[in-house]
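The values are calculated or read from the model by the stated rules, or taken from the named source; none is laboratory data. Computed from a predicted model, the values in this text were never measured in an experiment. Cβ coordinates were reconstructed from backbone atoms using ideal geometry, including for glycine residues, and neighbour counts include every protein chain displayed. To get the accessible areas, we keep the full protein, side chains included, count just its heavy atoms, and leave off ligands, DNA and RNA. Shrake-Rupley method; radii C 1.70, N 1.55, O 1.52, S 1.80 Å.
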Amino acid sequence: MARHPSSRPIARRLLLAWALCGAAASATADCGRPLQVAVSDLGVGSYQEQGQIRGLIPELAQELAARSGCRLELVFLPRARALQDFDVGRIDIITSMLRTPERDALGVYLPYGYTKHDLLLAPEAAAGIASLADLIRRPELRLGVVRGIRTNSRVDLHLEQLLATRRAEYSSDFANLAAKLAARRVQAVIMPNALHIKLRRDGALAPDIATVNIPEARPQVLGLYVNRAAVPAAAAGRLGEQLAAMVRTGWVRQAYVRHFGEAETRRMELAALER
């Protein structure tokens with residue numbers, strides 16, 4: 001018997017539904033239990049507001065979960081605790097990471113964007129400062145940095161020099177660092193753009209604080225690590241494929257624009273091309 005033409009759209013919808021069910025079942029099989037994703041207080045990248053975790057990374061995780069079918073649960077932790085828990089396998093995914101050989105041994109690295117460190121200066125100290133090298137030549141100026149922060153660039157070498165000569169000092173976090181700059185305990189600080197953008201929006205950095213795009217700090221590739229010991233290889237592969245698609249189709253760039261602004265996103269892109 002010939003099939004009635006009107007039955008064809010119904011058949012197509014049933015086939016699509018079966019395919020979607022099959023994809024969901026495959027994702028569940030690959031990913032298994034919900035995966036714990038550590039996020040920390042990292043400016044517009046991730047922050048807590050009225051009991052909610054907000055920022056670029058939570059949005060990225062939500063989209064990645066929807067595309068991959070993997071259940072991703074955000075866990076808000078201090079950065080040092082998040083890193084420690086990832087290293088011992090208590091956290092499945094850690095975000096906002098520079099790539100290092102040490103963590104390559106522990107996890108699969110999935111890049112998605114960039115981060116950029118900048119030099120912030122009190123307005124009375126900013127004249128003639130276009131690089132960190134210029135700052136070093138001004139012995140009256142002191143630099144503040146957050147303990148444990150590394151840039152994987154020439155900035156780290158200069159920081160070691162300034163710390164050795166007691167012209168730089170540590171802070172416990174970026175809010176404390178901003179307070180020191182406001183009180184002029186230091187005249188300059190090194191800070192990732194995700195942090196100083198958020199601090200400016202919150203009023204913790206004065207509008208006249210100068211931002212210097214120092215040549216020593218090129219944009220660094222930012223990504224997430226999936227824990228090899230805790231997450232099946234199939235799940236890591238699924239997440240990697242979907243995150244790469246989010247980058248390729250421009251979804252990640254639009255997320256950067258929403259949180260960093262078009263001008264700052266473009267600045268990182270142009271600087272990254274010069275790397």
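For the chain, with a Gaussian network of springs between Cα atoms less than 10 Å apart, report the residue from 253, 147, 71 with the top mean-square fluctuation.
147
Cα axis of helix 262-273 to longest principal axis of the chain: angle in degrees, 0 to 90, nearest 10?
For helix 262-273, the angle is close to 90 degrees.
Give a residue-ordered list of calculated ³J(HN,Hα) values for region 46-57 (Karplus: 6.51 cos²θ - 1.76 cosθ + 1.60, θ = phi - 60°; whole Hz; x for Gly, Pro).
6, 7, 9, 8, 6, x, 10, 8, 10, x, 5, 5
Can you compute the helix-only [θ] at 222 nm over the chain? Use -39500 (n - 2.57) per DSSP H run of at least 4 residues, normalise by all residues, nearest 500 deg cm²/dmol.
Helix contribution divided over all residues of the chain: -13500 deg cm²/dmol.
May I ask you to derive the FRET efficiency for residue 233 and residue 157 from their Cβ-Cβ distance with R0 = 41 Å, giving the value to the nearest 0.05?
Efficiency computed from Cβ-Cβ geometry: 0.65.
At 1.4 Å probe size, with the rest of the protein present, what percent of the exposed accessible area of the chain is carbon and sulfur atoms?
That share works out to 56 percent.
State the label only: which of (i) 1.49; (ii) 1.15; (iii) 1.21 corresponds to Cα Rg over 2.2 N^0.38 Å computed from the shown model?
The value matching this structure is (iii).
Ordering 200, 154 by how much accessible area each has at a 1.4 Å probe, largest first, what is the list?
Sorted descending by solvent-accessible area, the residues read 154, 200.
Suppose R0 equals 22 Å; then what is the FRET efficiency for residue 270 and residue 134 from their Cβ-Cβ distance, rounded to the nearest 0.05?
0.50
Any chance you could give the angle, 0 to 90 degrees and rounded to 10, that helix 233-248 forms with the longest Cα principal axis of the chain?
Taking Cα atoms only, the helix is inclined about 70 degrees.
Highest mean first, what order results for 158-168, 116-126 on Cβ atoms within 10 Å?
116-126, 158-168
To the nearest 20 debye, what is the magnitude of the charge dipole of region 165-275 about its Cα centre, counting +1 on the Cβ of each Lys and Arg and -1 on the Cβ of each Asp and Glu?
For region 165-275, the charge dipole is close to 120 debye.
Given H placed 1.01 Å from N in the peptide plane, which residues other than close sequence neighbours of residue 146 have an amide H under 5 Å from its amide H?
171
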